[in-house]
Amino acid sequence: MAEAKVTLENEAAQSTNALGPLIGVAREDFVGAVALLLRETASDPARLMKHARSMGEDMVKIMTGKSELAPHPKDKRFQDPAWQYNPFFRAGAQYYLAVQKGMQGWLQDLELDELERNRANFIANIILDGLAPTNTLAGNPLAQKQLINSGGLSLIKGLQNAYNDMVHNKGMVSQVDKRPFKLGENIATSKGNVVHCTEMYELIQYAPTTDEVYEVPQLTIPPQINKMYINDLSPEKSIIKWQLDNGVHTFVISWRNPSKEQGVWGMDDYISSCEEALEIVKDITDSAKVNVSAGCSGGQTASVLVSKLAATGNDILGTLTLMVCVLHPKQTDIEAASLVSDNGMKLARRRADKAGIIKADDLARGFAWLRPNDLVWGYVINNYLLGMDPPAFDVLFWNSDATNLSASLMGDFLTLYETLAFTKKGEVEMADHKVDLSKVTANLFIIGGVTDHITPWKATYRSTQLFGSKDVTYVLSQSGHMQAILNPPGNPKAKYFVQKKKGKLPATADEWLQGTKEVPGSWWPFWIEWIQKRSGDKVPAPEHVGNESYPAMESAPGLYVVEEV
């Protein structure tokens, strides 16, 4: 059971909420994908009969005990020995696998282009995941054993969990046990204070932990749909603590969770806030430059920011670090993105404008159903069929603590996606300027994750070709999405890839990969050394945070991370 819970943690941590083209998926896009399958089915009855006959032959073999169909050895759903040795369960698994095999064979035969095929595969996988026998008590041997061993208590606990989710989690199966976590006590514990507060954001300065700090400070811009303390989870996973312990003078923006009335906040407002925060950091530290780091949608915001700084001749930017962030998306990067259509994005915009915001719960629910096997059915089995609590995992606690997205900002993100604004040189207007990353010459550090299903690493690599920077470093971390970032020293399995030779990066990710070397351990020491070399000399650490103009206020992580909307 403990092994299953660890697997749930790992799978869900690879699939944390993120912004991207998927916010523009409308329900009509799903309907359209299903209609595509039905149309192709009706267009060639002979093809359908061929695959139905093949599936029928598989069914006969199962009924006569002659089928050799078996689950993939790595399919976690069928790990219990009963699937191999119990005739009833073995046949149940084989019937499911026969349907899976038949549907996959049929899809391969359809005359579809790459985009249509991705749509078809995506919808088919959602259907197949829902049909798995493991999703029911009658078809899950592990759940039946748990029922017997617990004297029926697992069923009672499962029903209780389901009731709690219906009443307290808006009908969505819980992915995390939130009870052990408390902000400021065992999560987000780094010392610091809010030094500036507006209606939109708090600026937090963290107290140095070393006698000296590098003279160039660093400002982190977090995503707008999650809270900033992803940078400061438990002390051993805290990027903020790592920066502080290595002499980096650290500041972080904490975005406010927008209410319906604040749904008018757009990219121009967020960029104005970032510009203001940079000037405050500069004022507090007396540094002419400020390094910037950002991840996911925060990276898109940071990219608009640095483009504007270049356009206006503001030379405050030191270095720029972008983590698991896609600036040059393609619709074939991930199967789910293939659902996005022009009409769907128009409908999504219209509905968001009417509502003012996209609620955090709706974002989380929609995202979960894009990977139902990992983010829905795995928890249905664990929480309801086995009657177990979901895992108490800090990354999942943070992921569940999502925020709303303003309708205006959603529209701006969709504009960046539709127009490929970051790939154009001065053609798309955003935040009161023409976006042009080729004018940004700051040193650049970009990181992707090998198994990132949300921002695939090859998509993040394309960003290396967009900037005017002559000093660009790309690192490929071993894990996926947030786990690629939260990869501190001490993990014996950690590794990353970097280019062997210094110099200009190749044009494509495949070319880059051929010239890389594998480095054991975390990428954090490599990155912090890169930052330190570009952060000036060491100076005495300040005795307190803030200054006369910007005095210390609430303790970190501030008030906006706990504010209820």
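Observations
- For the chain, adding -39500 (n - 2.57) for each run of n ≥ 4 DSSP H residues and dividing by the number of residues yields -12500 deg cm²/dmol at 222 nm.
- Listed residue pairs exceeding 20 Å between alpha carbons, taken from 157/227; 74/458; 470/533: 157/227; 74/458
- For the chain: relative contact order, % (alpha-carbon pairs under 8 angstrom, 6 or more apart): 22
- The peptide list 123-134, 437-448, put in order of mean Cβ contacts within 10 Å with the highest first, becomes 437-448, 123-134.
- Comparing Cα centroids, region 402-463 and region 204-227 end up 23 angstrom apart.
- Per principal axis, descending, Cα span of region 435-506 in whole Å: 39, 27, 18
- With all protein chains kept in place, the per residue accessible area of region 205-295 amounts to 29 square angstrom at a probe of 1.4 angstrom.
- Region 91-183 - accessible surface per residue (Å², probe 1.4 Å): 52
- Debye log10 I(q)/I(0) at q = 0.15, 0.25 Å⁻¹ for region 133-219, Cα point scatterers: -0.79, -1.22
- Separation between Cα centres of region 256-325 and region 104-165, rounded to whole Å: 42
- Considering only alpha-carbon pairs that sit under 8 angstrom and 6 or more positions apart, the relative contact order computed for region 411-565 is 15 percent.
- Accessible area expressed per residue, region 486-545, with surrounding protein chains retained (probe 1.4 Å, Å²): 63
- Over the chain, the alpha carbon radius of gyration divided by the compact-protein estimate 2.2 N^0.38 Å works out to 1.03.
- Per-peptide packing, taken as the mean over residues of other Cβ atoms within 10 Å, places 288-295, 419-426 in the sequence 288-295, 419-426 from highest down.
- The apolar share of the surface of the chain, taken as the fraction of accessible area on carbon and sulfur atoms (1.4 Å probe, ligands and nucleic acids excluded), comes to 53 percent.
- The H on the amide N of residue 452, modeled in the peptide plane, is under 5 Å from the matching H of 457, 481, each at least 5 residues off or on a different chain.
- Note on residue 260: lysines with a C-alpha under 17 Å away, same-chain residues under 8 apart excluded, are 354, 359.
- Peptide packing: for 172-184, 509-521, the average count of neighbouring Cβ atoms within 10 Å per residue gives the ranking 172-184, 509-521, highest mean first.
- Taking each residue as 0.36 nm, the span from residue 52 to residue 555 lengthens on full extension beyond its C-alpha to C-alpha distance by 174.6 nm.
- Restricting the calculation to Cα atoms, region 407-547 shows an Rg/Rh of 1.02 when the hydrodynamic-style radius is the Kirkwood one.
- Of all DSSP beta bridges in region 428-565, antiparallel share, percent nearest 5: 60
- Where N is the number of residues in region 255-371, Cα Rg divided by 2.2 N^0.38 Å: 1.28
The values are calculated or read from the model by the stated rules, or taken from the named source; none is laboratory data. Just so we're clear, the structure is a prediction, and the values are computed from it rather than from any experiment. Ideal geometry is used to build each Cβ from the backbone, glycine not excepted, and the neighbour counts take in all protein chains shown. Only protein heavy atoms, including side chains, enter the accessible area calculation; ligands, DNA and RNA are left aside. Shrake-Rupley method; radii C 1.70, N 1.55, O 1.52, S 1.80 Å.
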